[in-house]
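The values are calculated or read from the model by the stated rules, or taken from the named source; none is laboratory data. Computed from a predicted model, the values in this text were never measured in an experiment. Neighbour counts run over all protein chains shown; Cβ positions are idealised from the backbone, glycine included. Note: areas computed on protein heavy atoms with side chains; ligands, DNA, RNA excluded. Shrake-Rupley method; radii C 1.70, N 1.55, O 1.52, S 1.80 Å.
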Amino acid sequence: MIDATRGIEAQDMNIFQLIQRNNKSLVVVVNKWDLVENKDQKVIKTFENAIRERMAPFVDFPIIFASALTKQRIFKILDVAKQVYLNRNMHIGTTKLNEVLLPIIEETPPPSVKGKYIKIKYCSQLPNTQIPSFVFYANLPQYVKESYRRFLENKIRERWDLNGCPINVFIRQK
């Protein structure tokens with residue numbers, strides 16, 4: 001919860017770092033929105049961009065502007081928190097994952113390292129994990145860079161609604 005009159009403070013960033021370290025889901029609520037005088041779309045966009053910029057690289061989370069005093073959007077907070085919980089517990093079938101992601105991986109394969117080409121054969125979601133965890137099976141997993149893992153995470157987020165929850169991407173030996 002962020003105070004709209006003060007913006008993001010050091011304590012907010014400490015809480016966010018705890019959320020990231022412990023792999024928790026996140027819904028940001030900007031409280032005291034009734035005290036902000038200028039509430040046009042430009043101000044809202046600026047506020048959202050400032051929050052996402054400070055909390056980068058994890059930027060896929062909902063932001064709700066609310067007021068506890070006037071009870072503005074307090075029920076929306078609960079609805080969004082429930083949706084983030086459902087997103088966190090979502091399971092995507094292996095067939096569906098491979099149908100969507102393998103053509104993308106073929107279009108944009110991992111860069112070769114030392115003249116060796118990395119081939120990702122298939123992927124699946126690990127069952128019974130705290131957060132959505134996806135494993136990609138490749139011939140040379142040790143050469144897959146962190147930037148390509150982020151690319152895979154972004155493609156998963158584009159296709160499926162995992163808004164507000166962290167994702168693990170593992171590359172394993174086939």
Top-ranked residue in the range 1-11 [being assigned to a loop (DSSP other than H, G, I, E, B) and more than 19 Å from L69 (Cβ to Cβ); ranked as most open to solvent (accessible area, probe 1.4 Å)]: E9
Hits in the range 60-75 (condition: closer than 24 Å to R159 by Cα and either modelled with pLDDT of 90 or more or over 20 Å from the mean Cα position of the chain (by Cα) (or both)): F61, P62, I63, I64
Long-range neighbours under 9 Å by Cβ, at least six apart or interchain, first residue closer than 11 Å to F58 by Cβ within the range 14-26, second hydroxyl-bearing (S, T, Y) and open to solvent by less than 80 Å² (accessible area, probe 1.4 Å): I19/S25
Conditions (1) over 25 Å from N128 (Cβ atoms); (2) among the charged types (D, E, K, R); (3) open to solvent by 50 Å² or more (accessible area, probe 1.4 Å): number failed by D34: (3)
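Here is a yes/no grid of residues against (1) over 16 Å from P57 (Cβ atoms); (2) within 10 Å of the chain's Cα centre (by Cα); (3) not in a helix (DSSP H, G or I):
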residue	(1), (2), (3)
S124	yes, no, yes
Y148	no, no, no
E153	no, yes, no
L162	no, yes, yes
P166	no, yes, yes
F170	yes, no, yes
The range 12-31, subset of a type in the set (V, I, T) and within 22 Å of I167 (Cβ to Cβ), residue least open to solvent (accessible area, probe 1.4 Å): V28
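Here's the yes/no breakdown for (1) touching a Gly at 6+ places or on another chain (Cβ under 8 Å); (2) polar (S, T, N, Q); (3) within 21 Å of N168 (Cβ to Cβ); (4) modelled with pLDDT of 90 or more:
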| residue | (1), (2), (3), (4) |
| --- | --- |
| Q11 | no, yes, no, yes |
| N14 | no, yes, no, yes |
| S25 | yes, yes, yes, yes |
| W33 | no, no, no, no |
| I44 | no, no, no, no |
| A50 | yes, no, no, no |
Candidate set from the range 92-125 (those that are among the basic types (K, R) and under 16 Å from R172 (Cα atoms)); member that is most open to solvent (accessible area, probe 1.4 Å): K119
Residue pairs meeting the criteria (Cβ under 7 Å; at least 6 apart or on separate chains; first open to solvent by 50 Å² or more (accessible area, probe 1.4 Å), in the range 39-63; second charged (D, E, K, R)): V59/R52
Unique residue being of a type outside the set (D, E), open to solvent by 80 Å² or more (accessible area, probe 1.4 Å), at pLDDT below 95 and within 28 Å of Q20 (Cα to Cα) when the list is N128, N87: N128
